[in-house]
1. At 222 nm, what helix-only mean residue ellipticity would the chain give, in deg cm²/dmol to the nearest 500, using -39500 (n - 2.57) for each DSSP H run of four or more?
2. Computed over the Cα atoms of the chain, what is the ratio Rg over Rh, Rh following Kirkwood?
3. I need the calculated FRET efficiency for the pair residue 108 and residue 221, taking r as the beta carbon distance and R₀ as 22 Å, to the nearest 0.05.
4. Using the count of nearby Cβ atoms within 10 Å as a rough guide to exposure, how do 12, 62, 155, 22 rank from fewest to most?
5. Fewest Cβ neighbours within 10 Å first, please rank 14, 259 accordingly.
6. Could you state the number of Å between the C-alpha centres of the stretch 1-32 and the stretch 210-287?
7. Tell me the relative contact order for the stretch 7-284 as a rounded percent, counting alpha carbon contacts under 8 Å between residues six or more apart.
8. For the residues 119, 216, what sequence is obtained by ranking on other C-beta atoms within 10 Å, fewest first?
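What follows draws every value from the coordinates through simple rules; no lab data is involved. For clarity, every value in this text was computed on a predicted model and none was experimentally measured. Here Cβ is always computed from backbone atoms with ideal geometry, including for glycine, and neighbour counts include all displayed protein chains.
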């Protein structure tokens, strides 16, 4: 059992990100870079994809939480999600990312482990399969919303705090959901309102897996826990439906997300992260 409160996970994440940025500046080459380009990538200079550095505090607090029986499987799921995302980020930085079939297979394994951390597949295979399907969709859905500064990290934090059943005071405890939320919040100063770092697939998958596990635990008490994931699921459903309607591959990015629609009606870019996190938090209260 760790004596450290959840907020110290934010301190660890901040230290890792700071060291990572220093090494990148003075040595270079180890963090993938997201280069600017036409269409969706409108930043002015290459930005490091540093989300993989959030994996250590997420994994450690899962292993340290004395009240959570699924610690090892959940920690493996988060670590594997971060690894898949990091490999994809590295490939994208040098051309194309991982083949979508390889990535889908890897994320399916992640989803299976995430579901197994809250449900024994040998005792309840149907429930486990349903939870694995939800986890697979949610991890991708949160990654889909990593298209504007701060949105994915802020929404992951809101979901994790709500799923853990606590408010700001939760960060004084030592449970893993609060620590994961603190880790997500620690990334915000690096990514919002101005981006110095991006989550990349590694960070979005890791945070998405942690949040999916928290929601899966809530689903054991009833389907109303889906309200915890309402905003990412709504964005995922509408953007995939539109892409299929237009005959486009669902996994190819575009500017048809809810965040882009909000920009189109005049919401300033800096307000998207707090607005979407507030919406996620408000809907989570229905759970």
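1. On the way: 11 runs with 178 residues, N = 287.
Here the helix-only value at 222 nm equals -20500 deg cm²/dmol.
2. Radius of gyration relative to Kirkwood radius: 0.94.
3. Numbers: r = 25 Å, r/R0 = 1.15.
So, using R0 = 22 Å, E works out to roughly 0.30.
4. Numbers: 12 21, 62 26, 155 29, 22 10.
Ordered from fewest to most neighbouring Cβ atoms within 10 Å, 12, 62, 155, 22 come out as 22, 12, 62, 155.
5. Details: 14 19, 259 24.
Sorted ascending by nearby Cβ count, the order is 14, 259.
6. Centre-to-centre distance over Cα atoms comes out at 28 Å.
7. Values: 454 pairs, mean separation 70.1, N = 278.
Computed over the stretch 7-284, the figure is 25 percent.
8. On the way: 119 22, 216 29.
Ranking 119, 216 by Cβ neighbours within 10 Å, fewest first, gives 119, 216.
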